[in-house]
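Novice: Encoded as structure tokens, here's the structure I'll be asking about.
What follows is calculated from the coordinates using simple rules that are stated; it is not laboratory data. Quantities reported herein were computed from a predicted structural model and do not represent experimental measurements. Cβ sites come from the backbone with ideal geometry, for glycine too, and all protein chains shown count toward neighbours.
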Amino acid sequence: MDSLPLKEHYGTLSQTITALNELGYTLDFNIQNECIVCHKENIRLSPEEFKIDKFYRFEGISDPEDQSIIYAISSPKFNVKGVLISAYGPDSDEYALNLISKLNAHGNDPAQKPASSPADANTGKSSLSKFDLQKMISTTINEGAWKEKDIVSSVVFKSDHLRIVLMGFHKNAELKEHTAKGPITLQVLSGAIVFTANGDQAKLEKNQMITLDGAVPHNLVASEESFVLLTLVNLK
């Protein structure tokens, strides 16, 4: 099965699905127990029988905890290609997390690939994790999504109780009012933002940080091109 080159970015979630379909990824895969299946074609694949050619991550702008991944999947053994859309966050289905763990054993775990978010899962191998935030910012600026969107985000680190998200804002970009389930911290890495919570407003510049309790409505407006580091605590 010939492998066609895949772009790093195709646009929105629906645009990416359309583009992959046009490139031959036509089957609709779903996770079932610890395999993926296409019910229409009656195909069932274990992790050893397919590979992930590319993955595309989509974070919720209004709630950075919301996250989906589109996997472009191929199976040389069965000569088929398809798409799998999976939630990838604290509330992900248990089977999905088990399958992703199995993919890691075969070198296919997107959390271990050098993409826009270099570390999306705590593997348990070490309690120490190190991240080059300036390098992540430079990588983000050079990606297609940054040129097309007012706001971009990528998960820096994720565990059962903690999520750290790098967010980039073009000037005047606004993160609409929303709430987080648990406490958050927000640190400005570059630029300046105006953060409003329950009518209280604070202007934050580089190297300044705020904290906020969970379930408090808040919004954010970038006064200039800015990057911030958002930490969300999961209280479950």
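Novice: Arranged from highest to lowest average of other beta-carbon atoms within 10 Å per residue, in what order do the peptides 187-198, 7-18 appear?
Specialist: 187-198, 7-18
Novice: Just subtract the alpha-carbon distance of Lys171 and Gln32 from 0.36 nm times their residue separation and send over the number in nm, one decimal.
Specialist: Length difference between fully extended and current span is 45.7 nm.
Novice: Average the reciprocal distances over every distinct pair of alpha-carbons in the range 162-209, invert the result, and give the Kirkwood radius in Å.
Specialist: 12.1
Novice: Here is a further query. Please compare each pair in Lys130/Lys203; Lys158/Lys203; Lys77/Lys158; Lys7/Lys81 to a cut-off of 25 Å on the Cα-Cα distance and tell me which ones are over it.
Specialist: Lys130/Lys203; Lys158/Lys203; Lys77/Lys158
Novice: If a/c stays under 1.5 just call it rounded; otherwise compare a/b with b/c (prolate if a/b is bigger, oblate if not). Do that for the range 139-236, with a ≥ b ≥ c from the square roots of the Cα gyration tensor eigenvalues.
Specialist: Oblate shape, in that a/c is at least 1.5 and b/c is the bigger or equal ratio.
Novice: Stretched out fully, how many nm does the piece from His9 to Lys77 gain, at 0.36 nm a residue minus the Cα gap?
Specialist: Length gained, His9 through Lys77: 21.7 nm.
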